[in-house]
1. Could you pull out the pairs from K113/K152; K49/K71; K94/K217; K42/K217; K152/K178; K42/K178 whose alpha carbons sit more than 31 Å apart here?
2. Ranking request for peptides 190-200, 107-117: highest mean number of other beta-carbon atoms within 10 Å first, then the rest in descending order.
3. So who's got an amide H within less than 5 Å of the one on E126, skipping anything under 5 residues away but keeping other chains? H placed 1.01 Å off N, in plane.
4. When the Kirkwood hydrodynamic radius is evaluated over all pairs of different C-alpha atoms of the chain, what value in angstrom, to one decimal, is obtained?
5. Could you pull out every residue, at least 5 positions away or on a different chain, whose amide H is within less than 5 Å of the one on Y188? Hs are placed 1.01 Å off N in the peptide plane, and Pro or chain starts have none.
6. How high is the relative contact order of segment 4-63? Use alpha-carbon pairs under 8 Å, at least six apart in sequence, and give a whole percent.
7. When only C-alpha pairs under 8 Å and at least 6 residues apart count, what is the relative contact order of the chain, in percent?
8. Which listed residue (L162, Q141, F118) has the Cα farthest towards the positive end of the charge dipole for segment 82-215, taking +1 on Lys and Arg C-beta and -1 on Asp and Glu C-beta about the Cα centre?
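Rule-based calculations on the coordinates, nothing more; no lab input. In this text the structure is predicted, and so the values were computed from the model without any measurement. Don't worry about glycine lacking a Cβ; one is built from the backbone with ideal geometry, like all the others, and counts go over all protein chains shown.
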Amino acid sequence: MKTIATCVEEILISQPFLEDALSRNILNYSALAEELREPISKMLRKPIKSGAIMMALRRYSPPKEMANKIKLNRVLQNLGDITVRSDLSDYTFKNSNTLIQSHLKMLEVIKDKSNVFFTFTRGVHESNVLISTSLKDQIEQSYKNEFCTSVKDDLSAITIGLPDENTKIAGLYYQFFKRLAWEGISLYEVVSTTNEFTILVEDNVVNNAFSAIKSLKN
């Protein structure tokens, strides 16, 4: 049987930003209770007073696993180097039987260029190639027989080094996404390896994104 408390919990869990703000005591309980009065009344199919909701909000305790929280804080404090690469372009190609050959052509072009940024990822139906914009001519030549669905220039990549134990920590990536979302920063793409996490953003927000990521170490 649903109660006001279970309705409050259901709403807060479905809106993690709201739950986070509540746990940090930066919300007005009275205003939030009034905001939730109508949806909770609909959930319980009867009129609910905002005072009862405010009491449930004050009693709400976000589910936390202390051991994981301690590990998470330790990992964030021990993030590795944060590097930024600008002047990047992102290409999206439809997957094909010849795409791997196009990758090989591009790898041959850059094999002696140590300062070039190049990465590619393959999905179920499409693949992305992220490369330094200075090599636009070469990439367009290497992939001339592929079907390109989109091209985006003026991008920057922020790469974060992760400690070895990062794969054992629940909620680590969520911390990055949450912090960037709080700053209103949209992610163009995300690329990760076991111990590196790279976000791709437009050049005009890279400084804000870098500051937001760096603040997680403090």
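1. Details: K113/K152 22 Å; K49/K71 40 Å; K94/K217 38 Å; K42/K217 42 Å; K152/K178 24 Å; K42/K178 29 Å.
In this structure, K49/K71; K94/K217; K42/K217 exceed 31 Å between Cα atoms.
2. Details: 190-200: 16.1, 107-117: 12.4.
Peptide ranking by packing, descending: 190-200, 107-117.
3. Result for E126 returns N95.
4. Details: mean 1/r = 0.0485 Å⁻¹.
Roughly 20.6 Å, rounded to one decimal.
5. For Y188, the qualifying residues are L200, V201, E202.
6. Values: 46 pairs, mean separation 27.6, N = 60.
Reported relative contact order: 46 percent.
7. Values: 284 pairs, mean separation 45.6, N = 218.
Over the chain, the number comes to 21 percent.
8. Going by the charge dipole, the pick is L162.
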